[in-house]
Amino acid sequence: MHPTALLEAQSALGDSFLAELEQLRGTTSVINFNNTKQFDALLSYLEASVLGTFTSVPSVNVLHILFTLAARCPNANWTHSPSSMVPETSDYMKSVNRDYDAVLAKSSLQARSHALLERYLILLQSDVHSQSDISGGMPQKGSMRSHPSRIEREALRLLHIRFEKAIAALVPMKKDFFTRRRSPSPLLSTPEQMAVVEVISDSEGSDSLIDEEPIRSFSVPVAVTSLSDLGRKTSGLGETTALFESMPHLSAHATPEPEIHGAKGVNPNFEEATDTEAKANRKSKMKDRSHAPEKKTDGPKRRVYGTQKEKRSKNSKKLKSDSLSAVSCLRVFDDVVLAKAIDPNDGYDFWALLRWAFTCADASSQYQKFLFNSANTHVHCIYRSYESVFDIVFRFLSLQFQCQNFSLLDRALRLIGPPRTVYERAVEYILTGLGQATSSTPYPCYVRERSLLKHDPLVQNSQCKTFLEYTDNQHSMRLRFRIAVTLYLYEKRAGSIELLIALAEKLLTLDFCHLKSFFDTYPLSETLGITCSVATPFLNHLGSILLDKLTGLQLNLYDTTKDDYARLQQILSAITSEKVYSNISNDYSLPSFDHFWKKWQSTIFLFQWLLLQTLSYEQVEYPISIVNSLEKADGHIKHFYHDFLDSHWDDADVQAEDLNFTLSSSEITQYKQREMISYMDVFKHRFPNAVSTFTV
C-alpha cells in the first residue's frame, strides 16, 4: 500500500472514534461531542499511536478537538447546576461522564490533550532539527531514530501540514474593511443549528476579581429554550441512542428559539437579506443585459459564462466553504471549537484570548496572596489551560522560523493594527495583567468561563488564609518571555529595535518584582527551547536600553563589535561612575520613596545581571582588579543612597524647594537598615573559588 493511502486510512481510523465526524462531509447540522467515554477512547488510541512507529496522523478536525480540549478548564466540560445560567447537562449524560471523574489512574481530558499536542510538537521539532543538522541544541525527548522509514517521513510531513492548518485556524485573517460586513455570529451557533443557548448570570454578589463586561459586542438572550433537540445532537451514545431519543422530553415540541440580535442594532439576518438582494440585483442585471443591443465586433464571439477558470474558482470556493462549515458545525461539550470561538470578524481574535489568559493569571495571583487552596480555583485552572495552548502555538511559530516560514506570525501581527504601532500594541498584550489597569477589560470567548468565575465555591466559602510565594504571574513570565523572544527574532530580520524600546518602556511601569521575574526566566531558556545564542543578546540589549532610560545617560552597554574583555571593562567603568547613581539620587521629580526605591533597585539589578553575563572564569583568574572596581561601586551605592535619604529629611536645615515628599527621622532610620545585594555579594556567589584565592 502506498504510504499516503496508509496514512489516510490511519487518520480515518482515528476519526472513527468520533463516528459523527463522517457526517460533516455531507451536512451542515451541528455535531456535539459531549461524551467523556468517547473522548477517552480517542485519546487512548492517539496516545498508543505515538509510543512506537508513528504512522497515525490525526485529521485536522481531530486536532481542532484536541486544541479545544487542551484549552478547556475541566470544570467547564459540563454543568451540574442550572444556577450558573448555562444550560444544564442532562442527568443521563452526567451518569455517562461521572465514571471518568471517579478514575484516579487517568489525567483530565485537558491534560491528556495537551500532552498529545506536546508529543506531536516534539516529533516535529526532532524532524526539523535532524534535517537542519543544528548543533549545540538540547536533545529532543522522544525523537525518532536517526534513519526513519519512508512511511515515518511521510507521516511527519503530513503531521506538519495538518498541525499548521490547525494553528492557522486559531489565527484567522480578518476580512477586509471594504468587504461586505456581516452580522456577528452568536457565541454558540445560529438559532437554526442549536436549541440550547448559553446565557450570562448577572449576579451582583459576585466576589470575582474579573471586572464585569459584556460578552462580545452583541446582546445575549436571557431565556433558555427547550432541550428537545439535544438528544439528536449528542454524540457517542452507541446502542443507547434509541433509548435516549425515546425519553419523554423528546416527544414535546420544541419551543420557539429566542431571537439573537446583532451588535449595535445590526439585523442578525443582515447577511441573508444582503445575499437575497444581491441575487435579485444580479438577475435584474442579467435580464437587462439580455435585452440590451449586441455590440458588433470584428472577431469571433467569446463565451462569458461557464469557462473552465470559473468552474475551478467555484470548486475552490466550495471546498473552502465546506472546510469552514466543518469547523462551524463542531461542538465540544455544547461549545464551539476554539478555532471557531476565535473570530476577528466578531471582535474576538487571537490576541484577545491571550489578554484574557493573562488577566486570569493576574486574578489568580491576587487570590494566591491570601486564599486557601488557591491552586484549585477556577480562574487558576482557566489560566493554566490557555497557557498550555499558547505555549504550543508559539513553540510551533519558533519552529516555523527555523524553516524560514513567517506566514503565521505575519497573520497574527496584522490582527493587532497598523504597522507603525504593532509592537507597542503587542507589548501591551504580552504584559497584560501584572497588577496594571488596562484601557479595556479583557473578557472570555466562552460564556461558561464567566459563570465559573462568579460561582467558584473556593472563592465564596473559603475561611482559611494562606500565601503562595510562586504565583501565576510569575509562572506566566515563561510564556511572556517566549512570545517576546519570538517577536524579537521576527523584528530582528529588519534590523529594528522598536519592540525592545516598547518592551523597556512597559517594564519600567511594572513593579520591580515583575521586571526581575522577566529577567530571571533566562536560566530556563534551554528548558523552554530557546537557545542562549538568542536569549542572551535579547536580554543584554533590553537591559542596556532599560539602564539608559533609568540613569538618563547614553551608556551604550550593548555593543556586538566588542569582545568579552572590552565589554567587561565598559560595564565596570559604568558601575564605578558617580554620575550613574547621582542622576537617580538627585531626581527630585519622584513622587514618593517607593518610586525611588523601585528605580534604585532596578538599576542595580540590571547592572548586576549584565555583569554576570559578561564575566567568565578566564577573566576572573586574576580577579584583584575586578574586585577593586566592585568594591568602589558598592561604596557609591551606599553613599548616594544615604545622601538621598538625608536630602529628604523633613527636619533638615536646608531643603530643596522642589521636593515632592519628605521623610521623618524614624523612616530614614528604617530605610537605611534595608539590605541591598551588593556587587561583591553577586561576584562571590558566582565565583566562590576565585574569591577564596585572596583576602578582601
Scanning the stretch 101-117 for residues that are part of a helix (DSSP H, G or I), out of contact with any Lys or Arg (no Cβ under 7 Å at 6 or more places or on another chain) and at pLDDT 75 or above gives Leu109, Ala111, Arg112, Ser113, His114, Ala115, Leu116, Leu117
Practice task
For the stretch 496-508, state whether one or more residues are surrounded by fewer than 17 Cβ atoms within 10 Å (Cβ to Cβ), assigned to a helix (DSSP H, G or I) and without any contact (Cβ under 8 Å) to a residue 12 or more places away in the chain.
Solution key: no
Sole miss for Arg98 among (1) modelled with pLDDT of 80 or more; (2) more than 24 Å from Glu8 (Cβ to Cβ); (3) assigned to a helix (DSSP H, G or I) is condition (1)
Please verify whether Arg480 is charged (D, E, K, R), over 22 Å from Ala76 (Cα atoms) and buried (at least 22 other Cβ atoms within 10 Å of the Cβ), treating the condition exactly as stated.
yes
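Looking at Leu557, Leu542, Leu572, Leu550 in this structure, which one is part of a loop (DSSP other than H, G, I, E, B) and in contact with a Leu (Cβ under 9 Å, 6 or more places away or on another chain)? Write out each step before concluding.
Values: Leu542 fails: part of a loop (DSSP other than H, G, I, E, B); Leu572 fails: part of a loop (DSSP other than H, G, I, E, B); Leu550 fails: part of a loop (DSSP other than H, G, I, E, B).
When all the criteria are applied, what remains is Leu557.
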Pairing a residue in the stretch 33-57 that is more than 18 Å from Phe163 (Cα to Cα) with any residue that is aliphatic (A, V, I, L, M) and not in a helix (DSSP H, G or I), where Cβ atoms lie under 8 Å and the two sit 6 or more apart in sequence or on different chains, gives Phe33/Leu330; Phe33/Val332; Asn34/Val332; Asn35/Leu237
Check your understanding: Looking at the stretch 370-384, is at least one residue crowded, with 21+ Cβ neighbours inside 10 Å, part of a helix (DSSP H, G or I) and modelled with pLDDT under 90?
Key -> yes
With the condition kept exactly as written, say whether any residue in the stretch 463-482 is among the acidic types (Asp, Glu) and either in contact with an Asp or Glu (Cβ under 7 Å, 6 or more places away or on another chain) or modelled with pLDDT under 85 (or both).
yes
message = Regarding the stretch 545-567, can at least one residue be identified that is touching a residue at least 12 places away in the same chain (Cβ under 8 Å), touching a Pro at 6+ places or on another chain (Cβ under 9 Å) and of a type outside the set (Gly, Ala, Ser)?
response = yes
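What are the residues in the stretch 415-442 that are among the charged types (D, E, K, R) and either at pLDDT 90 or above or not in a helix (DSSP H, G or I) (or both), if any? So that I can check it myself, show each step before the final result.
From the stretch 415-442, those among the charged types (D, E, K, R) are 420, 424-425, 428; that's our starting set.
Glu424, Arg425, Glu428, listed by residue number.
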Over the stretch 568-579, the set of residues in contact (Cβ under 8 Å) with a residue 40 or more places away in the chain, of a type in the set (A, V, I, L, M) and in contact with a Phe, Trp or Tyr (Cβ under 8 Å, 6 or more places away or on another chain) is Ile571, Ile575
Counted residues in the stretch 421-450 being surrounded by fewer than 18 Cβ atoms within 10 Å (Cβ to Cβ) and at negative phi come to 9
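Taking the stretch 451-474 only, how many residues are free of Cβ contacts under 8 Å to residues at least 40 places away in the same chain and either surrounded by 21 or more Cβ atoms within 10 Å (Cβ to Cβ) or of a type in the set (Phe, Trp, Tyr) (or both)?
The number of residues fulfilling the criteria is 1.
Against the condition over 21 Å from Leu590 (Cβ atoms) and among the basic types (Lys, Arg), how does Lys562 come out, does it pass? Step through it out loud before you land on a result.
Numbers: over 21 Å from Leu590 (Cβ atoms): yes; among the basic types (Lys, Arg): yes.
Judged against the criteria, Lys562 is a match.
Specify which of the listed residues (Asp653, Asp594, Asp658) is at pLDDT 90 or above, surrounded by fewer than 19 Cβ atoms within 10 Å (Cβ to Cβ) and charged (D, E, K, R). Outline the logic, then answer.
On the way: Asp653 fails: at pLDDT 90 or above; Asp658 fails: at pLDDT 90 or above.
From the options Asp653, Asp594, Asp658, the qualifying one is Asp594.
Residue-by-condition table, conditions (1) of a type in the set (Gly, Ala, Ser); (2) surrounded by fewer than 19 Cβ atoms within 10 Å (Cβ to Cβ):
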position: Phe518; (1), (2): no, no
position: Ser525; (1), (2): yes, no
position: Cys532; (1), (2): no, yes
position: Asp548; (1), (2): no, yes
position: Gly552; (1), (2): yes, yes
position: Asn556; (1), (2): no, yes
position: Asp559; (1), (2): no, yes
position: Ala566; (1), (2): yes, yes
From the option list Ile604, Ile668, single residue qualifying as outside any loop (DSSP other than H, G, I, E, B) and closer than 21 Å to Gly543 by Cα is Ile604
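Select from the stretch 123-159 the residues that are at pLDDT below 50 and among the basic types (Lys, Arg) and list them in ascending order.
Narrowing the stretch 123-159 to residues at pLDDT below 50: 134-145.
Selection gives Lys141, Arg145.
The values are calculated or read from the model by the stated rules, or taken from the named source; none is laboratory data. Just so you know, these numbers come straight off a predicted model, no measurement behind them. Positions of Cβ are backbone-derived with ideal geometry, glycine not excepted, and every protein chain shown enters the neighbour counts.
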